[in-house]
Amino acid sequence: MKQTGKHYFADKDIQVILGTLLRVGVIASMLIVFIGGLIYLSGYSREIIDYSVFNPSKTKYSSILAIFQGLSALDGKAIIQFGTLLLIFTPVTRVVFSIFGFLIERDYLYVLIGLFVLCVILISLSNKLVG
Amino acid sequence: MSVLLFTIIVLAGAFLAGLVGSLTGLGGGVIIIPLLTLVLGVDIHYAIGASIVSVIATSSGSAAAYVKEGITNIRIGMFLEIATTISAVIGAVITVYINPGYIAVIFGCILLFSAAMMVRKKVDHSDDRATGVLANFFKLNGSYPTADGTVKYGVHNVIGGFIMMFIAGIISGLLGIGSGALKVVAMDNIMRLPFKVSTTTSNFMMGVTAAASAIVYLHRGQIDPGIAMPVTLGVLTGATVGSKLLVKTNTDKLKIIFAVVVTFLALQMIYNGLSGKL
């Protein structure tokens, strides 16, 4: 149990930074989704929509590249997707940050565990998984 | 239906889902998916995509508060994320190969299980007795602050908890929910963590687990901005308001009412799944 005591203070600092990071990420992405939503509604609000059949080709912004292209055109849907992307990457940044935290603590076992989790997420970024 | 009307209905529904969800401890996704599919006729694949985004929003939002208090066990979270991220990606990949009807049936069963877990009397199994080799090797044992000072706890049956987390991750990726109820089984009952630690740690993990499958959904076009926007905004504001109310509200009665509602939704999902309506 001696080890827990030694780790406690460093853990505490990292926890405060992690908490702030998560909060900033959520607030920023929500603001972007909200702004994108307003632009989207101002353009499409009267249009009729139908989501009853899943059609993978219907969503224009299903890749990170397409989202950035739409973003430069200030398209409401692209802005919403960008906010969503930011939201998805908030916990991922959290993982990256904890890896640095464990590196500072010289807890190399958890540096490895963190890197492994990060790798799994990076693999999910590959288009090949979609099938 | 017009875009404006659809957005307003989903926004209101998602707000309620987030509000009641945070008061009862059940994730917003379990209400959002039935609302979208049963009431608004949205294809379950779109509902799953929108729900997973709201899971990330609420998880990150509440984890931010908990992490600062120092109750969350970051090592346990990181260690178990090995299991949950791998299985969440697997779940997200196989979800389109499964008949939507079967997904609805699995979803209904998880809903029934979650409702039962919500009303059941919780028994705290935690203790600070010496634990096995794995818990020591991965430095999982920890302590957390309470009103009476710091309390130490030991972590038990690491392998059992890890396997249960793997199942929770598959379900999360398959259905686009946080599968909090399954994570509670793994942490409270199998690994014998104190409630406060297991709830906050499971919340902390949920964001990373959901992110892994959300990227797969995004690439597949399952995250539609028109649905994801009102769902995330609604659930997050609802959950924020709910967490403020939580201190003043007696949630016991609410839990029972909500359990009845969830059970009804579950049966409806199972029926529609079996009869091929979803």
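The values are calculated or read from the model by the stated rules, or taken from the named source; none is laboratory data. In this text the structure is predicted, and so the values were computed from the model without any measurement. Glycine gets a Cβ as well: all are built from the backbone with ideal geometry, and neighbour counts include every protein chain shown. In case anyone asks, the SASA skips ligands and DNA or RNA and just uses the protein heavy atoms, side chains included. Shrake-Rupley method; radii C 1.70, N 1.55, O 1.52, S 1.80 Å.
Things to note:
- Taking Cα atoms only, the orientation of helix B:3-24 departs from the longest principal axis of chain B by about 20 degrees.
- Here region A:31-56 and region B:173-213 have alpha carbon centers that stand 32 Å from each other.
- Rolling a 1.4 Å probe over the protein heavy atoms of region B:3-275, with every protein chain left in place, gives an accessible area that is 69 percent carbon and sulfur.
- Taking B:Ile31, B:Ile98, B:Ile163 in turn, the Gaussian network model of chain B (Cα-Cα springs below 10 Å) assigns the largest fluctuation to B:Ile98.
- Solvent-accessible surface (1.4 angstrom probe) belonging to B:Phe137, in square angstrom, nearest 10: 120 Å²
- Charge dipole of region B:3-275 (Cα centre as origin; +1 on each Lys and Arg Cβ, -1 on each Asp and Glu Cβ, all else neutral): 420 debye, rounded to the nearest 20.
- Counted as membrane-span-like here are DSSP H helices of chain A whose alpha-carbon atoms extend 18 Å or more along the helix's own axis and whose Kyte-Doolittle mean is 0.0 or above; these are A:2-44, A:76-104, A:108-124.
- Nearest-ten-degree value, helix B:74-94 long axis tilted from longest Cα axis of chain B: 30 degrees
- Candidates B:Lys196, B:Lys121, B:Lys255: whichever shows maximal mean-square fluctuation once chain B is modelled as a Gaussian network with Cα springs under 10 Å: B:Lys121
- Pair A:Ile17, B:Tyr271: separation of 7 Å Cα→Cβ label points (nm): 5.5 nm
- Listed residues A:Asp75, A:Asp50, A:Asp107, most fluctuating in chain A (Gaussian network, C-alpha, under 10 Å): A:Asp50
- Shielding of peptide A:107-118 by partners, expressed as the average count of other chain Cβ atoms within 10 Å per residue Cβ, is 4.
- Cα-based helix-to-principal-axis angle, B:252-274 vs chain B, degrees rounded to 10: 50 degrees
- Counting heavy atoms of the protein chains alone, A:Ser126 has an accessible area of about 40 Å² for a 1.4 Å probe.
- Placing +1 on the Cβ of every Lys and Arg and -1 on the Cβ of every Asp and Glu, with no other charges, gives region B:94-143 a dipole of roughly 80 debye about its Cα centre.
- Alpha-carbon spread of region B:210-264, three principal axes, descending order, Å: 42, 27, 22
- For region B:218-278, applying the loop criterion from DSSP together with a ceiling of 13 other beta carbons within 10 Å to the chymotrypsin sites (Phe, Trp or Tyr not before Pro) yields no site.
- Each of A:Val120, B:Gly21, B:Ile171 was placed along the dipole of the protein assembly as shown (beta-carbon charges, centred on the mean Cα), and the one lying farthest toward the positive end is B:Gly21.
- According to the Cα-based calculation, Rg over Rh for the protein assembly as shown is 0.96, with Rh computed by the Kirkwood formula.
- Residue by residue, region B:145-160 carries 3J(HN,Hα) couplings of x, 10, 4, 8, x, 6, 10, 8, 9, x, 9, 10, 6, 4, 5, x Hz when phi is fed to the Karplus relation 6.51 cos²θ - 1.76 cosθ + 1.60 (θ = phi - 60°); x denotes Gly or Pro.
- For the protein assembly as shown, the Cβ-based charge dipole about the Cα centre amounts to some 400 debye (Lys, Arg positive; Asp, Glu negative; other atoms uncharged).
- Normalised by 2.2 N^0.38 Å, where N is the number of residues, the alpha-carbon radius of gyration of region B:3-275 equals 0.97.
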